[in-house]
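A short worksheet on the structure shown next.
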Amino acid sequence: MKFWGVRLASILGAVAFCFLLEGVAQGQSSFVQRLFVLAGLYVTLAVSLNLINGITGQFSIGHAAFYQVGAYTAGFCASRFFAQLNLPPAAWLLLMMITSAITAGLAGLLVGLPSLRLKGDYLAIVTLGFGEIIRIFAQNQEALGGAYGLTVAPKIQYVWAAWLLAILCIAVCRNLLRTAHGLPFLAVREDEIASSAMGVNVTQTKVVAFVLGSMFAGAAGAILAHFESFVSPPMFTMDVSFTIVTMVVLGGTGSITGSVLAAILLFYLPEKMRDFTNIPLSGVAAAFVAISAAVFAIRWVMQNFHGTAKDRAIRYLGIVVGALVIWFISKALLGNVPSLKENIDGSKLRMVVFSVTLVVLMLLRPQGMLGHHEFSWDWVRSKFGKPTVKEATA
Amino acid sequence: MSLLQLDQATIKFGGLIAVNSVSFELKKGDLFGLIGPNGAGKTTCFNLITGVYKPTSGKITFDGKEIGGTPANKIANLGIARTFQNIRLFKSLSVLENVVVGGFLRHKTPLISALAYLPNVIKETESLKAEAMELLKIVNLDKVADVRSADLSYGMQRRLEIARAMATQPKLLLLDEPAAGMNPQEKEELNAMVKHIRDEVGLTVLLIEHDMRFVMSLCERIVVLDAGKEIAAGPPDAIRSDPKVIAAYLGEAV
Amino acid sequence: MTVLPDLLAGLEFSTLPQQLVNGILLGAIYALIALGYTMVYGVLKLINFAHGEVFMLGAYTALFTSWSFGFTQAGNKQDSSPGILILMLIVSMTVCGIVGVLIERFAYRPMRSQPRIASLITAIGISLLLQYGGQLFLPSSPPPSISDKVNPFKGNIEIPLKPADSALLAQAEQLKAKVTRTKAAYDEQLKSEKDSFNLSPVGKELRTASQDAERDYRNAIDKANKDALVITFPQGQVIMLVTTVVLMIILTWLVMKTTAGRAMRAASLDFDAASLMGINVNTVIAFTFFIGSALAGAGAMMNASFLGGTKIDTFFGMLPGVKAFVAAVLGGIGNIPGAVLGGILMGLAETMVIWAGYGNYKDAIAFIVLIVVLLVKPGGLLGSNKVEKV
């Protein structure tokens, strides 16, 4: 009984959190509201992709395709059926999320089934290819608005919906991993042949991961469609897929917590950068120089330095300071180059930041921020000096 | 009662005949050895039995059913489990988790219940973990249940693979060079462990090995392969003195 | 499929030969880029996602080189020469080769000990970095293009497949005399007219006569040419094709006859064995990247110079890069003749899609081909299928 009590409490807590967010968002500008919603959607996208890539070890880099299928499903249904059914907005949105999840799941099945004999790089390219095919075909269907796009009415802008979906996605993935049912997915990631020898149906496991991941992406698409009240092909380019992949990689493939944190961070950063206009190009160029130098230095220390952790930390600190110095000097020097005298808007730096993040991450810490680790209450307890569950029951 | 039967099993890779018309039979409860020089086709035989490869010709029968060409995971469900020559553990999973993967094929609860974290799934997970712990006790790894499997010593990793295979509750256990890399004491313990598995748990065991002393002291019957062909079969004493075997092997003195 | 009869009905078979030739020309560019992908994959088993961006940088290099010779937008420079083109080619190839080697050295080499996924992610990162970072520093809006004047080979080469009906042509020629006559008369009249828009009755009559004669002549010519087939291609593109073939011959010689080439082939067959045999694999890899990138640079320079008005921005390399990658996979990744074959086939496929009237889908065809190949025969047309040893 205690089990159900805790369960109910956490569900109510989650719902309360979502509505709290909604309340906070309502008081803000529409720009900020949009940030709240998109952040929630990206969390869902990152966590659902992590299920495919991090937990099951596949390499899917066309996730935006399922996002798009979901969004267009919702848009199409809204234009045809909303007027007739006349449901209250929340019910309609829920219905759309379910419908979109189904169509996106079917798309996931379509993409997953034939591709799953492929390994690593090839699978990645095929998923990207499928994504592009879906985008180009949607672009050419008049019924879906063609290249211009499809207006979606009604406009439903519920912040709580995006975050409720995110929490649901996190919960489902976490539940999977807490039970024995999650182990076949991890086993497939580690070694397909051994998994097969232990009775795991490898293909089925991969397909399930693909379908689950794509269903959540589809539901997120439905929310997007109704929030923006508009869907169009440029909203779902390869860049969106790469953004989601960067979030998963940064967070640490296999870590749900990592995906959540990375999604929020990588979403928030570029938006914050929009505030900075008039960034001198020479500064950007100098940053490249400084970062490159820092990365080399850090890699050298990582591989060649064998002192204590404290000495190592001192060296890293020194590198950071050195990088800043290099930045200042380079900026001053490069400021004399005529083509670098202009200023640019912070918004142009978004993808540059993502790509630099990807490369630096791969060079310095390929396992991402959290690697395979997850947040757990045990960890919190250990920080507070309280005995962990393990120690208590030993 | 015949448990496993290979009847002229053959597999060709392009022009290379890796396993050439091999026939042998295992009865329930046998402790059977498969030996031969490197490249003789022993692991390939294992791969044929466990469904990694499909035989080019010939029949493989298990428990009355023909299994040639059946996919590997179905064969595991039918009751054949194996370990690998180059250890294939689930490296980033813990010792316990590795074994639970083996036990998972007996799960009854559907996936959707797991996604909803229902009580029946929680119970099943606990019972699978408990069963896994029992197996770890048999192979003496229960103290390191939560250690990352990649961090174990080589000998412990081999024992873990055996525990994992046993978790599938097989009728037939295939061990591919289980003693490789072990010191003499570990080999003694492994010898006793395999005998115990056969006697107490009731498994039939087929193993590949290079350590002659180990094979001769453990196995009751032996088949010798050389270049894909079977060159001798029989009890250890007969094999020991068979001139064909000595010629093929020139292995250690026994 | 009921769509097939409609499809067939819409096809203009008379334009087919021209489109086939166009397809081969396009395919030559894809082949050059595909060679880079296939060589790198053969040795490193890595899909060099950033290869398309090397192509893009090659185009920019060609652009800047042309500017340094004075062929800027505002410039007045009139004459070009084959020498300038050759110089642009060499500069592009060299710069691209160096860029390729640098990318390998600093982004891919550190990844060699990691699982291959890490290399792929790094490659994607470098690709995006070059695209978006480049956008900050390179001129891209509005996207510049290389001046037409760079190409000294004006004029077209025409190959008549089926000549115009000679009888009809002769009739048309007879009409031409009348055209000349009436026009002369009209021009003469114009001199004595005050206002060419408000002609006297005589003027109007002569104008009508001239226009009628002109129109009759044109109709006759058209009628004569109706069944004629002529394939036209600009001289520049022929030069391009010839250069591509020459480069491929040089590459074949390099790979087959030189020690370096042999080392490369050894490394692509078995990396570890090659290094154990004393081959300096780092040098081999650098060499491979240099050649592959240089070829892409050649393709870029030619594409930007001869296909007049090609707009260059930092995303210029993405689509050709993807299509060339598909070409490499189609031919059998790791297989050099396969890359050439694949390139030509992709070029043909793309032009055929346009010819059939589905121009909007010309980019999707690449992905469709890719998926079909990977699902049906992952080894490609000329490649092999290897079995993983358990």
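The values are calculated or read from the model by the stated rules, or taken from the named source; none is laboratory data. Computed from a prediction, not measured in an experiment: that's the story for all the values here. Every residue, glycine among them, receives a Cβ derived from its backbone with ideal geometry; neighbour counts consider all protein chains shown.
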It is to be established whether one or more residues within the stretch C:242-260 are touching a residue at least 40 places away in the same chain (Cβ under 8 Å) and among the small types (Gly, Ala, Ser). no
Kindly list, by first and then second residue, each pair from a residue in the stretch B:183-202 that is over 16 Å from B:Leu31 (Cα atoms) to a residue that is surrounded by fewer than 14 Cβ atoms within 10 Å (Cβ to Cβ), limited to pairs with Cβ atoms under 9 Å and residues at least 6 apart or on different chains. B:Glu189/B:Asn140
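Could you say which residue among A:Phe210, A:Phe230, A:Phe216 is modelled with pLDDT under 90 and either of a type in the set (Phe, Trp, Tyr) or within 19 Å of the chain's Cα centre (by Cα) (or both)?
Being modelled with pLDDT under 90 and either of a type in the set (Phe, Trp, Tyr) or within 19 Å of the chain's Cα centre (by Cα) (or both) holds for just one of A:Phe210, A:Phe230, A:Phe216, which is A:Phe230.
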Search the stretch B:116-158 for residues being out of contact with any helix residue (DSSP H, G or I) (no Cβ under 6 Å at 6 or more places or on another chain) and hydroxyl-bearing (Ser, Thr, Tyr), and hand back the single one that is farthest from the other protein chains (Cβ to nearest Cβ). B:Ser153
Inside the stretch A:265-285, can you point out the residues that are buried (at least 17 other Cβ atoms within 10 Å of the Cβ) and more than 12 Å from every other protein chain (Cβ to nearest Cβ)? A:Leu266, A:Phe267, A:Glu271, A:Met273
Answer yes or no: is there a residue in the stretch C:353-362 that is surrounded by 24 or more Cβ atoms within 10 Å (Cβ to Cβ) and part of a helix (DSSP H, G or I). no
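Of these, B:Glu186, B:Glu161, which one is within 14 Å of chain A (Cβ to nearest Cβ) and surrounded by 15 or more Cβ atoms within 10 Å (Cβ to Cβ)?
Details: B:Glu186 fails: within 14 Å of chain A (Cβ to nearest Cβ).
Result: B:Glu161 is the single residue among B:Glu186, B:Glu161 that is within 14 Å of chain A (Cβ to nearest Cβ) and surrounded by 15 or more Cβ atoms within 10 Å (Cβ to Cβ).
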For the structure I just gave you, tell me whether C:Leu129 is within 30 Å of C:Ala260 (Cα to Cα) and of a type in the set (A, V, I, L, M). no
Quick check: anything in the stretch B:209-219 within 19 Å of B:Thr83 (Cβ to Cβ) and among the β-branched types (Val, Ile, Thr)? yes
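Tell me which residues, restricted to the stretch B:190-210, are of a type outside the set (A, V, I, L, M, F, W, C), surrounded by fewer than 20 Cβ atoms within 10 Å (Cβ to Cβ) and within 17 Å of the chain's Cα centre (by Cα).
B:Asn191, B:Lys195, B:His196, B:Arg198, B:Asp199, B:Gly202, B:His210, listed by residue number.
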Take A:Ser259 and tell me if it is within 14 Å of another protein chain (Cβ to nearest Cβ) and either free of Cβ contacts under 8 Å to residues at least 40 places away in the same chain or surrounded by 13 or more Cβ atoms within 10 Å (Cβ to Cβ) (or both). no
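Within the stretch B:109-124, can you find the residues that are closer than 17 Å to A:Gly199 by Cα and in contact (Cβ under 8 Å) with a residue 12 or more places away in the chain?
Quick first cut of the stretch B:109-124, residues closer than 17 Å to A:Gly199 by Cα only: B:109-111.
Passing the criteria: only B:Thr109.
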Return the residues of the stretch A:323-345 that are under 34 Å from the mean Cα position of the chain (by Cα) and within 12 Å of another protein chain (Cβ to nearest Cβ); say none if nothing qualifies. A:Leu340, A:Glu342, A:Asn343, A:Ile344, A:Asp345
Selection from the stretch B:222-234 of residues that are surrounded by fewer than 19 Cβ atoms within 10 Å (Cβ to Cβ) and not aliphatic (A, V, I, L, M): B:Lys229, B:Gly234
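For (1) at pLDDT below 80; (2) under 18 Å from A:Thr44 (Cβ atoms), each residue gets a yes or a no:
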| position | (1), (2) |
| --- | --- |
| A:Asn86 | yes, no |
| A:Leu94 | no, yes |
| A:Ser100 | no, yes |
| A:Gly129 | no, no |
| A:Arg135 | no, no |
Can you tell me how many residues in the stretch C:112-128 are buried (at least 20 other Cβ atoms within 10 Å of the Cβ) and touching a residue at least 60 places away in the same chain (Cβ under 8 Å)? 6
Which listed residue, of B:Ile17, B:Ile35, B:Ile60, is touching a Gly at 6+ places or on another chain (Cβ under 9 Å) and closer than 23 Å to A:Asn201 by Cα: B:Ile60
Against the condition within 20 Å of C:Gly133 (Cα to Cα), under 33 Å from the mean Cα position of the chain (by Cα) and touching a residue at least 60 places away in the same chain (Cβ under 8 Å), how does A:Ile291 come out, does it pass? yes
Sort out for me the helices (runs of 4 or more DSSP H) sitting completely within the stretch A:59-172 that have 3 or more residues that are touching a residue at least 24 places away in the same chain (Cβ under 8 Å) and away from every other protein chain (no Cβ under 14 Å). A:64-85, A:89-115
Scanning for something outside any loop (DSSP other than H, G, I, E, B), closer than 23 Å to C:Val281 by Cα and within 26 Å of the chain's Cα centre (by Cα), does the stretch C:151-169 turn up at least one residue? no
Restricting to the stretch C:110-129, give me the number of residues that are outside any helix (DSSP H, G or I) and more than 7 Å from every other protein chain (Cβ to nearest Cβ). 3
Tell me yes or no: at least one residue of the stretch A:181-189 is within 19 Å of the chain's Cα centre (by Cα), among the charged types (D, E, K, R) and within 12 Å of chain B (Cβ to nearest Cβ). no
For the stretch B:213-246, which residues satisfy the criterion of being within 17 Å of B:Ser23 (Cα to Cα), in a loop (DSSP other than H, G, I, E, B) and without any contact (Cβ under 8 Å) to a residue 60 or more places away in the chain? B:Pro235
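Evaluate the following for C:Met256: is it of a type in the set (A, V, I, L, M), surrounded by 20 or more Cβ atoms within 10 Å (Cβ to Cβ) and at negative phi?
Considered against the rule, which asks whether it is of a type in the set (A, V, I, L, M), surrounded by 20 or more Cβ atoms within 10 Å (Cβ to Cβ) and at negative phi, C:Met256 comes out as no.
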When you scan the stretch A:182-213, how many residues do you find that are at negative phi, surrounded by 23 or more Cβ atoms within 10 Å (Cβ to Cβ) and either without any contact (Cβ under 8 Å) to a residue 40 or more places away in the chain or not assigned by TED's automatic domain parsing to the domain that holds A:Gly57 (or both)? 9
